[in-house]
Every structure is written in structure tokens, then in C-alpha cells.
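The values are calculated or read from the model by the stated rules, or taken from the named source; none is laboratory data. What you see is a predicted model, and the numbers here were worked out from it, not measured in a lab. Every residue, glycine as well, gets a Cβ built from its backbone with ideal geometry; the counts of neighbours run over all protein chains shown. All accessible areas refer to the heavy atoms of the entire protein, side chains included, with ligands and DNA or RNA removed. Shrake-Rupley method; radii C 1.70, N 1.55, O 1.52, S 1.80 Å.
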Amino acid sequence: MPLKFSVSGLRGIWNDGLSFSTINSYLLSFLDYISSKSSTRKRLVLGRDTRKTSPIIYDYVSSVARSVGFDIVNLGIVTTPIVLFVTREIDADGGIIVTASHNPPEWNALKFVDRGGMFINETTVSLLSQKLGKMSVDDMVSDWYFVGEEEEINSENVLNMFISKLEKVIDIGLIKSRKFKVAFDPVNGAGALIGREFLKRLGCEIMEINCDISKFPERPTEPNSEALSGLSQVVVENRCDIGFALDPDGDRLVFVTEKGEIPGEEYTLPISILSAISFSKVEGYSKKVVVNLSSSMLNDYVASKFGFEVLRSKVGEANVVKLIKDVNGFIGGEGNGGVVFPVINSARDSFVGIALILQLMAKNSVKISEVISHFPKYEMVKLKFEGNLDKNVVSNVIGKVLDKYSLIECTNIDGYWYKFDKGWIHVRASNTEPVTRVVFEGDHGFVSFCKELFL
């Protein structure tokens, strides 16, 4: 199985492409890169998910990094966004998360974090790729008195740091006062333990499902409608106000309404945007929202209500965050349930999404089903095809759509993206799997027409 290396990290199937030798090569390239930018004692923040292979890879990464002179800040089992958050807050030189995010359990990965708590960008990906295989541990190893040490920061202290930042822009006190009953499904992953504690800090009564880190994953790792039937049942049976589901590394958030409805991952970001713009008074940011090319027009709908402009980036958290930084954006994210609110964390962060959604419910005294009932009823289809989709097939489909609908805008910065008067189509190679992704959204007629062409 071929490896995937991009802004989303190095990913592969354990013992089928992802091996100690490949991990070592990419790891040394990254450590050399961040070493070149540091003139003082070097610190690296590490965290991991709950996959069976993650402790093995984690220990290996920690040992190699310490052997070449890095002090390790050990966060243990934590969400990906927490690693990015801590990297920035303690001004560490970089970070690594051992996780394959939403991929199935046989996969694993290294996600590389640059100084400032942001994922490496495309320029750095290219630079690291050029260095592969040109270094060995023996060449980089430190003398015994320069070997790195390990410091552990437990989840209580991490949450203290996080809540302190959160409560500056989100009304935590009001959320606590509402005593929400919340069903929680972190897929037995990285967000299970720290997520449970986070919800308690928000004053929530928690109904747990898939919170045993020894049983990862037990449900499909993608937090889609098919995977969340159990959470829906827990919400209804326990009369919860809302249900929250995470992916294995806790950077994506999906919710279930109090009625047990699963509106889908595309609703997380627009509702978070609505809450942030309505109630989080943040100074010094532009009236710009940044989403990726595959994200729903629901974000445009919400932003336009407040006079905000929506800008679109290539798919990939690093690409979204870079554009947010470039335009001093207020908020942004990705339609897969990823919320980036840079005043708190320059990363997709499920905990930020949870706080924003609960804030909206608390401030407006509304049920979550009432909130989404006011949104436009767009339809969206997400497809994936093994390998590369033939360019002639894509051209043929787009040609037929052009014959029927008016073209508004197009770009090839990330595959092929076309916006028409009744919807849009995006065709691109995945950053995380050896597949081609096809996404289209619009009114019923537009989506039905595109489905006939692609299927």
C-alpha cells in the first residue's frame, strides 16, 4: 500500500507501507527541519490516539527525538487540536501526533506540527520530501549529556490552560448554568477521556457511548450518519439536549439533535460560525470566513447574514489555517465537522465547536433542531473512487453540466472546482487515502442531475 504524505501528515497501513524504516526517514527529516530553526534547547510536544499501533510508534518517535537532543512534552492520549494548542501556548519548537484520524484501525500516521501550533504547509512538505533518506540517527545522535528529557503534562493541567483561553471569548458560565444533558460518542478514541472531562467542566450531564479507550473503534471511524445510529438512540432514550460525536483524533465534530436526527457533518461549521459571530466579541479580525472548496454553501448563507465574506482554500486543515492567517480571518474550517476559531486555537478543534454550539443554545434558549430548521435545504453528495478518476470522464461530466447550468466561477487550485447557478462540483485527489473524491451540492434538481452523471 503506498504511503500518503501531505499537509495532513504521513499516512499508511501498518506493516504494509508504514514501517519503522519509513517512520524513521520522515521523522529525522522533520526533526532536522525544526532543529534548524531553534537556537535554544529544543522541545517537542507529543500526543497520540488509541489505535493498537499508536503506543509502539509513539515510543519510537519519543526515543529517537530524545536521542537527537529534543526534550519531550508528553501529553499521552489527547486530541490532535490539543497538541497544536499546547505547542503554541508553551512556545515549543514543534509537535507530532501519532494518529490516522478518520482512517480505519489498520492505518496510522504522523501529523507534523510546526512552531506556533500549526500543521506544516505545502512548502515544508516539499522541503521534508527532499531530505528523505539523507540522514541517519547515528549522524544526528547527541552526546549522552545532551540527550533529551521527558516532561508529562496531565489532562487536568491541559484543560486548565484550554478553559482559561476559552472563557475569554465564550460564555462558559452561562453554559454551565444550563446544565445541558449531552450524549457523547468519541469512537473510543483520543477524545474519550479528555473529552469527558471537558464536558464536565462545561457543567454537562454526560450520557456516554464508545468511551472505552481499550476498545477502539467499535463503530465506523468516520462520524457519518451510518456510524451514529447508536448515539442517536442514546440521545432519544435519555432525553438529551444534544449528542456530540468525534472522529478518532478529535478534530472533527458531528452533532445529533434532541430528536435523534443526524443532520450531518456539514452543519457543524455554519452553526459554530453563527454562534461565534453573534456572541463572541473579538477585536482586530477581518470580516472574513475561510472554508475549503468542498464545504457547504450553508457557511455562505450564515456569513452573508452578518455581512461577512467567505473565502475558499484548498482542502486540508493547513491550507485553511494559512488562508485564515493571511487574511486575518475571524473564523473558518472545513465541512467535515472541523471548526477553526483562531482566537482560541489555530486548528480544527471539536472542543471549540462543542462550546460554540452550546453557547448558541444557551444564549438563544433554543433547541438545536430549531436552529437548523431555519437553514436552507441544500442537498450534498460525497463520493469516492479508487485511484485516479479519468480526466476524460471528469471533462465529459462537466461538459454536460455546463450545457444545462450557468457557470459562475471555477478554479483548479485543488483538482477541479466549478460553481454553477444552482450548485457546485469539486473533484480532487484525496490527501489521506489513495482515492479521488467527488463532492457536489445544490438544489434537488442539480444534485439529481450530477448523481446520474457520476453514478
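Before moving on, here are some points about what is shown:
- Listed by position, the helices (runs of 4 or more DSSP H) contained in segment 224-318 that have at least 3 residues being more than 20 Å from D349 (Cα to Cα) and modelled with pLDDT of 95 or more are 229-237, 298-305.
- Residue in segment 187-199 that is at pLDDT 95 or above and more than 23 Å from the chain's Cα centre (by Cα) present: no
- The residues of segment 376-412 that are under 26 Å from the mean Cα position of the chain (by Cα) and farther than 16 Å from V435 by Cβ, listed by number, are P376, K377, Y378, E379, M380, C410, T411, N412.
- Taking the criterion of being open to solvent by less than 10 Å² (accessible area, probe 1.4 Å) and of a type in the set (D, E, K, R), the residues of segment 224-251 that qualify are D247, D249, D251.
- Only a single item in (1) on the phi > 0 side of the Ramachandran plot; (2) small (G, A, S); (3) open to solvent by 50 Å² or more (accessible area, probe 1.4 Å) is not met by G203, and it is number (3).
- In segment 60-80, the residues that are among the hydroxyl-bearing types (S, T, Y) and open to solvent by less than 20 Å² (accessible area, probe 1.4 Å): S62, T79, T80
- Filtered residue count, segment 415-455, keeping only those that are closer than 16 Å to N292 by Cβ, open to solvent by 20 Å² or more (accessible area, probe 1.4 Å) and either among the acidic types (D, E) or assigned to a loop (DSSP other than H, G, I, E, B) (or both): 2
- Look at segment 203-218: where a residue is free of Cβ contacts under 8 Å to residues at least 40 places away in the same chain and closer than 21 Å to I175 by Cβ and a partner is among the basic types (K, R) and outside any loop (DSSP other than H, G, I, E, B), sitting 6+ places away or on another chain with Cβ atoms under 6 Å, you get G203/K176; E205/K181.
- None of I57, I34 is over 30 Å from I354 (Cβ atoms), touching a strand residue (DSSP E or B) at 6+ places or on another chain (Cβ under 7 Å), touching a residue at least 40 places away in the same chain (Cβ under 8 Å) and in a helix (DSSP H, G or I) except I34.
- The C-beta contact set for segment 348-363 (first residue over 23 Å from V86 (Cβ atoms), second residue open to solvent by 10 Å² or more (accessible area, probe 1.4 Å) and acidic (D, E), distance under 6 angstrom, 6+ apart or interchain) comprises Q359/D171.
- Looking at K37, K52, K42, just one residue is within 22 Å of the chain's Cα centre (by Cα) and open to solvent by 20 Å² or more (accessible area, probe 1.4 Å), and that residue is K52.
- Residue ID - surrounded by the fewest Cβ atoms within 10 Å (Cβ to Cβ), chosen from residues in segment 93-115 that are in a strand (DSSP E or B) and of a type in the set (D, E, K, R): D114
- Count of segment 43-68 residues which are of a type outside the set (A, V, I, L, M) and under 18 Å from T87 (Cβ atoms): 7
- Members of segment 377-394 found to be in a helix (DSSP H, G or I), surrounded by 11 or more Cβ atoms within 10 Å (Cβ to Cβ) and either touching a strand residue (DSSP E or B) at 6+ places or on another chain (Cβ under 8 Å) or polar (S, T, N, Q) (or both), listed by number: V394
- In segment 293-312, the residues that are under 21 Å from E122 (Cα atoms), open to solvent by less than 10 Å² (accessible area, probe 1.4 Å) and touching a helix residue (DSSP H, G or I) at 6+ places or on another chain (Cβ under 8 Å): S295
- Those residues of segment 325-360 which are surrounded by fewer than 22 Cβ atoms within 10 Å (Cβ to Cβ) and in a helix (DSSP H, G or I), in sequence order: K325, D326, V327, L360
- Across segment 211-223, the qualifying residues are those that are surrounded by 17 or more Cβ atoms within 10 Å (Cβ to Cβ) and out of contact with any strand residue (DSSP E or B) (no Cβ under 8 Å at 6 or more places or on another chain), and the one among them that is modelled with the lowest pLDDT is E222.
- Out of I271, I262, one residue alone is open to solvent by 30 Å² or more (accessible area, probe 1.4 Å), in contact (Cβ under 8 Å) with a residue 12 or more places away in the chain and more than 19 Å from N328 (Cβ to Cβ). It is I262.
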